[in-house]
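The values are calculated or read from the model by the stated rules, or taken from the named source; none is laboratory data. Every value quoted in this text rests on a predicted model; they were computed, and no experiment measured them. Heads up, the Cβs are rebuilt from the backbone with ideal geometry, glycines too, and the neighbour counts pull from every protein chain shown. To get the accessible areas, we keep the full protein, side chains included, count just its heavy atoms, and leave off ligands, DNA and RNA. Shrake-Rupley method; radii C 1.70, N 1.55, O 1.52, S 1.80 Å.
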Amino acid sequence: MIRELLTRVRLVLGRNLFLRKTRREMDDELRFHVEQSIAARVAEGIPVGEARRLAMVEFGGMEAARENTERQRPGWWMPGLAGDVRYAVRGILAHGWFSAAIVVTLALGIGLNTMVFTLVNAVLFKPVPVPGGGRLVSVMSKDRAQNSRDLTVSYPDFLDLKAGSRLFEWFEAVDNSRAIVSEDGSAPQMYHLAKATTGIFSMVQAKPLLGRGFRAGDGAPGAAPVMVIGYGMWKDRYASDARVVGREVRVNGLPATIVGVMPEGFKFPNGFDVWMPLVPTADLAKRDSRGLWVYAILKPGTAVRAASAELDGIAGRLAARYPEDKQIGADAMSFSQRFNGGNIRIVFLLMLAAVGFVLLIACADVANMMLSRSLSRQREMSIRSALGATRWRIVRQLLIESVMLSTVGGLLGLGLASFGVHWFDLMTKDVRPYWIQFTTDFTVFGYFAGLCILSGVLFGIAPALRSSKPDLMGVLKDGARSVGRQRGGWLTSGLVVFQFALTLALLTGAGIFVKSLMSNLAVNPFIPSAWIMTARAVLPETRYKSGDGDARQRFFDGVMLKLKAIPGARHAALASDAPGLGSNWQPIERDHVDVKPEHRPVIGEIVVSPEYFETIGLPILRGRGLNEMDGSAHHGAVIVTRDTANKLWPGEDALGKRVRLTGDDKKPMDWMTVVGISADMVQEMVEDQPKPIVFVPYKFLQTTNMTLMVDAEGDPLEEMRKAVASVDSELPLSEPFRLDAAVEHQVWFLRVFGRIFGGFALIAMLMAAVGLYSVIAHAASSRTQEIGVRIALGARVKDILLLVMRRGLLQVGAGLLVGLGAAVALARVMANLPLGAMTQVWRIFPVVAGMLALVGVFACWLPARRATRLDPVKAIRCE
């Protein structure tokens with residue numbers, strides 16, 4: 001039985017192999033005889049159509065034999081589309097290296113596009129991963145007078161908006177705060193605290209891992225303080241102990257009971273570690289005290305615009321009723337738009353446009369390769385046309401082949417996309433919001449599939465249309481190579497110009513990112529940032545109340561004494577914000593300068609101790625520095641930078657001038673006198689136009705949030721913790737950084753996106769160079785006889801070089817001119833981004849243009865150099 005089965009299998013396989021060989025031999029024979037017959041009749045002056053008809057009649061018997069052979073093959077009845085697919089597969093495999101080059105090129109283009117779209121989809125399009133996340137919105141107040149939409153909401157306004165709205169299922173509020181959690185036997189730690197209305201967990205259908213969430217009574221005045229902790233805090237601080245529920249701890253010095261633990265990954269709404277009920281207080285009840293973040297879930301089918309209009313109408317009625325709400329409106333926007341809009345959105349869309357450029361360059365490169373190959377297939381297409389193939393049939397065949405190549409390249413590019421997404425995930429894991437997960441979904445796969453098909457059609461349509469209408473008479477008389485020299489040159493040249501133009505734009509974008517990064521990292525060169533350790537001390541309001549300035553003063557005075565005593569410490573200081581890490585921006589009033597409040601200049605306020613200037617190495621140019629008396633009663637003194645003095649008092653001496661700032665209660669503070677002028681310093685790393693800076697003594701403002709700075713060798717962080725603990729045992733330090741690391745952290749996006757754009761630009765430049773090389777090499781090979789004759793007649797090497805390179809150099813020049821316009825437009829768009837110093841951007845253009853021109857010249861020189869080494873005898877005989 002088994003022997004009989006094996007015998008039948010051998011017979012079937014042998015029969016199929018025989019039929020394939022017979023069909024191939026008959027195809028070759030039929031093609032040869034038909035070609036010769038048509039060529040002979042055309043040469044005699046017979047029209048092409050008549051010559052084709054006569055050839056079909058003459059060789060009809062062979063065609064019938066071929067059809068009979070075909071009918072004996074299994075599956076002969078399959079539709080023509082299946083046959084086209086089989087033919088395309090054979091063609092791809094028959095030209096292995098050519099197909100591999102196309103697949104690799106497309107893998108780069110499609111892979112990079114898929115990678116970036118995965119990132120863009122996660123940041124801009126995917127809803128927050130909570131139930132109803134697609135309907136989750138952020139509600140903000142807006143100042144109609146200043147056209148500002150990003151104001152937080154007061155508690156009374158929140159209650160009125162919630163009561164008056166009809167388009168929301170949920171409407172909850174959160175107070176963004178800090179929690180110092182302490183208990184006996186454990187060191188105090190600082191966490192991100194959300195004081196939220198009691199429906200916050202129910203709004204997103206979040207169920208605790210242990211214990212319970214909030215109850216309605218937890219937010220009532222006088223209720224026992226409770227707290228829900230996050231999974232990370234439960235794991236790190238309490239070692240995943242299930243008995244943590246019911247434990248009493250101290251939060252900012254006051255007792256609270258842990259009633260629940262949230263599941264892993266839950267940090268709603270904005271990266272919180274601890275949640276406590278929002279309990280109404282006298283300060284919270286003030287209508288002009290706007291400190292709440294409001295989140296809401298729209299009813300199904302409700303548009304964000306309609307909800308925003310409803311809220312703005314309610315706010316208008318409140319503005320007419322309450323003086324504190326005058327010119328105050330309300331607005332709603334999607335959660336993603338609220339946190340990932342503005343400049344973030346522009347950067348990611350720029351990145352998507354950049355990889356779109358890379359894909360277009362890849363398609364242009366492949367189109368040029370396909371056009372070059374189509375010249376060698378002119379005879380094949382002419383014969384198919386002569387045998388009766390319609391133009392649509394030829395176009396369909398070639399497009400199927402292109403889409404198959406694109407699909408294979410896309411599948412290979414998926415690996416590249418996965419690697420790129422993983423790299424970006426690692427680079428941004430410490431800075432991105434918790435809800436952004438770079439994962440693929442049906443949207444990404446749909447984009448990938450559409451990209452594969454679109455790319456195949458995009459690079460295949462021009463070669464297909466060109467091949468589908470062959471010059472039959474010219475091909476059969478003169479051969480495909482000579483005809484190819486006469487047709488299509490403008491298309492390949494245009495594609496090369498297009499590639500170089502887009503590449504110049506990409507190089508410009510990468511250059512702007514790199515220049516901005518280097519400019520930002522080079523600011524404040526006088527500061528020994530590698531030796532300065534910084535950490536932040538935040539005093540809890542419950543123990544250091546706003547009216548008790550003496551308690552705050554005693555704390556910081558005591559800490560300063562301990563910091564100076566750290567072994568190896570050269571200097572120690574306090575500052576509200578370290579250099580380059582931002583400041584509190586507010587209007588400043590100048591004595592004897594009559595300016596309306598809304599037109600007062602905005603200045604950066606930095607609260608410092610007297611030792612600050614020595615610690616960071618900032619010299620005092622005129623006047624004096626601060627001393628221990630400055631900031632106390634009747635000793636109001638400030639120091640301004642030289643740039644600030646010139647901006648606030650142009651043409652005048654700033655020393656002795658008086659200024660005053662506005663307090664948290666919106667009332668003006670006491671007047672302060674300018675006692676010194678320091679050198680200039682950059683306080684904002686990504687500001688195009690740095691704002692003026694004023695240094696205020698810490699005794700004057702008595703803030704609760706200060707940065708401790710110690711200039712010392714080694715790592716003084718542990719000694720700094722001990723110094724703080726010796727003054728207040730329940731106060732932890734947070735955000736420990738070396739100053740140079742903190743500054744680099746501020747501009748992380750410039751480094752990451754600079755690398756991304758740089759990688760895109762280098763890939764695009766390589767593709768453009770390869771495309772130019774292939775065009776020039778093909779043009780040179782088609783002129784082999786001509787070049788051989790010129791060499792035989794005594795042409796010099798430079799003449800041959802110029803002959804071959806002239807066309808390529810013209811294409812490079814045209815591409816650079818066109819690309820310059822695109823680069824200027826891109827630079828204008830990027831000028832609106834927070835990239836820091838953008839001065840003298842024009843210097844980037846000649847640098848990138850020169851680099852690209854050198855690459856283009858080299859790509860032209862390689863085939864020209866090979867042409868100069870041709871053997872004239874062999875060259876003349878090559879055709």
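Pairs meeting the criteria (first residue in segment 776-788 and at negative phi, second residue open to solvent by 20 Å² or more (accessible area, probe 1.4 Å) and among the hydroxyl-bearing types (Ser, Thr, Tyr), beta carbons under 6 Å, at least 6 apart or on different chains) are HIS778/SER372.
What about ILE844, is it at pLDDT 85 or above, of a type in the set (Val, Ile, Thr) and open to solvent by less than 50 Å² (accessible area, probe 1.4 Å)? Please lay out each step first, then the result.
Working: at pLDDT 85 or above: no; of a type in the set (Val, Ile, Thr): yes; open to solvent by less than 50 Å² (accessible area, probe 1.4 Å): yes.
Considered against the rule, which asks whether it is at pLDDT 85 or above, of a type in the set (Val, Ile, Thr) and open to solvent by less than 50 Å² (accessible area, probe 1.4 Å), ILE844 comes out as no.
One residue stands out among those in segment 278-313 that are at pLDDT 90 or above, β-branched (Val, Ile, Thr) and surrounded by fewer than 20 Cβ atoms within 10 Å (Cβ to Cβ): the one that is farthest from ALA332 (Cα to Cα), which is VAL279. For segment 622-662, a tally of residues being surrounded by fewer than 16 Cβ atoms within 10 Å (Cβ to Cβ) and either acidic (Asp, Glu) or in contact with a helix residue (DSSP H, G or I) (Cβ under 6 Å, 6 or more places away or on another chain) (or both) returns 4. Need the failing condition index for LEU561 against (1) aliphatic (A, V, I, L, M); (2) in a loop (DSSP other than H, G, I, E, B); (3) open to solvent by 50 Å² or more (accessible area, probe 1.4 Å), just the number. So LEU561 meets the others, but not (2). In this entry, PRO579 is excluded by the filter for residues that are in a loop (DSSP other than H, G, I, E, B), surrounded by fewer than 22 Cβ atoms within 10 Å (Cβ to Cβ) and not hydroxyl-bearing (Ser, Thr, Tyr).
Of all residues in segment 396-421, how many are of a type in the set (A, V, I, L, M), out of contact with any Asp or Glu (no Cβ under 8 Å at 6 or more places or on another chain), open to solvent by 10 Å² or more (accessible area, probe 1.4 Å) and closer than 15 Å to ALA88 by Cα?
Kept after step one, since they are of a type in the set (A, V, I, L, M), are these residues of segment 396-421: 398-400, 403-405, 408, 411-412, 414, 416-417, 421.
When the remaining residues are screened for being out of contact with any Asp or Glu (no Cβ under 8 Å at 6 or more places or on another chain), the result is 398-399, 403-405, 408, 411-412, 414, 416-417, 421.
Subsequent filtering for residues that are open to solvent by 10 Å² or more (accessible area, probe 1.4 Å) retains 398-399, 403-404, 408, 411-412, 414, 416, 421.
Pick out the ones that are also closer than 15 Å to ALA88 by Cα and you get 398-399, 403-404, 408.
Of the residues in segment 396-421, 5 are of a type in the set (A, V, I, L, M), out of contact with any Asp or Glu (no Cβ under 8 Å at 6 or more places or on another chain), open to solvent by 10 Å² or more (accessible area, probe 1.4 Å) and closer than 15 Å to ALA88 by Cα.
Working carefully through the options ILE180, ILE200, find the one that is open to solvent by less than 10 Å² (accessible area, probe 1.4 Å) and under 33 Å from the mean Cα position of the chain (by Cα).
Values: ILE180 fails: under 33 Å from the mean Cα position of the chain (by Cα).
Result of the check over ILE180, ILE200: ILE200.
Kindly indicate whether any position in segment 707-715 is closer than 23 Å to PHE526 by Cα and under 26 Å from the mean Cα position of the chain (by Cα).
In the first step, residues of segment 707-715 are kept if they are closer than 23 Å to PHE526 by Cα; the result is 707-715.
Checking the rest, the ones that are also under 26 Å from the mean Cα position of the chain (by Cα) come to none.
For segment 707-715, residues closer than 23 Å to PHE526 by Cα and under 26 Å from the mean Cα position of the chain (by Cα): absent.
Filter the helices (runs of 4 or more DSSP H) completely within segment 725-839 down to those with at least 3 residues that are within 38 Å of the chain's Cα centre (by Cα) and over 30 Å from GLY714 (Cβ atoms). Can you show your working first?
Details: elements: 739-746, 748-782, 784-792, 797-830.
Those helices (runs of 4 or more DSSP H) span 748-782, 797-830.
Does GLU718 fit the bill of being in a helix (DSSP H, G or I), among the charged types (D, E, K, R), closer than 22 Å to LEU581 by Cβ and out of contact with any Lys or Arg (no Cβ under 7 Å at 6 or more places or on another chain)? No: the conditions fail for GLU718. Taken across segment 486-507, residues that are farther than 22 Å from VAL775 by Cα, part of a helix (DSSP H, G or I), modelled with pLDDT under 85 and open to solvent by 40 Å² or more (accessible area, probe 1.4 Å) do not occur at all. For segment 508-526, a tally of residues being open to solvent by less than 60 Å² (accessible area, probe 1.4 Å), of a type in the set (Val, Ile, Thr) and assigned to a helix (DSSP H, G or I) returns 2.
Taking into account only those residues within segment 599-620 that are of a type in the set (D, E, K, R) and out of contact with any Pro (no Cβ under 6 Å at 6 or more places or on another chain), which is nearest to ILE527 (Cα to Cα)? Talk me through it step by step, then tell me what you get.
Restricting attention to segment 599-620, the residues satisfying the condition of being of a type in the set (D, E, K, R) are 600, 605, 611, 614.
Then keep just the ones that are out of contact with any Pro (no Cβ under 6 Å at 6 or more places or on another chain); that gives 605, 611, 614.
Numbers: GLU605: 19, GLU611: 14, GLU614: 10 Å.
The selected residue is GLU614.
Kindly evaluate PRO131 against the criterion of being in contact with a helix residue (DSSP H, G or I) (Cβ under 8 Å, 6 or more places away or on another chain), open to solvent by 30 Å² or more (accessible area, probe 1.4 Å) and either assigned to a loop (DSSP other than H, G, I, E, B) or under 21 Å from ALA330 (Cβ atoms) (or both). Criteria not met by PRO131.
Answer yes or no: is there a residue in segment 437-450 that is assigned to a helix (DSSP H, G or I), open to solvent by less than 30 Å² (accessible area, probe 1.4 Å) and closer than 30 Å to ARG338 by Cα. I'd like the intermediate steps shown before the answer.
Just the residues of segment 437-450 that are assigned to a helix (DSSP H, G or I), to begin with: 442-450.
Filter once more, so that each one left must be open to solvent by less than 30 Å² (accessible area, probe 1.4 Å): 444, 448.
Of the ones still in play, those that are also closer than 30 Å to ARG338 by Cα are 444, 448.
Yes.
Being open to solvent by 40 Å² or more (accessible area, probe 1.4 Å), within 30 Å of SER186 (Cα to Cα) and hydrophobic (A, V, I, L, M, F, W, C) is a condition met by no residue of segment 671-680. For segment 238-267, residues that are open to solvent by 30 Å² or more (accessible area, probe 1.4 Å), closer than 24 Å to PRO732 by Cα and of a type in the set (A, V, I, L, M) total 3. Which ones in segment 684-703 are at pLDDT 85 or above and either among the aliphatic types (A, V, I, L, M) or open to solvent by less than 40 Å² (accessible area, probe 1.4 Å) (or both)? Hits for segment 684-703 are PRO692, ILE693, VAL694, PHE695, VAL696, PRO697, TYR698. Inspect all residues belonging to segment 736-746 and state whether any of them is crowded, with 19+ Cβ neighbours inside 10 Å and farther than 24 Å from PRO525 by Cβ. Within segment 736-746 (the criterion being crowded, with 19+ Cβ neighbours inside 10 Å and farther than 24 Å from PRO525 by Cβ), the answer is no, since none of the residues qualifies.
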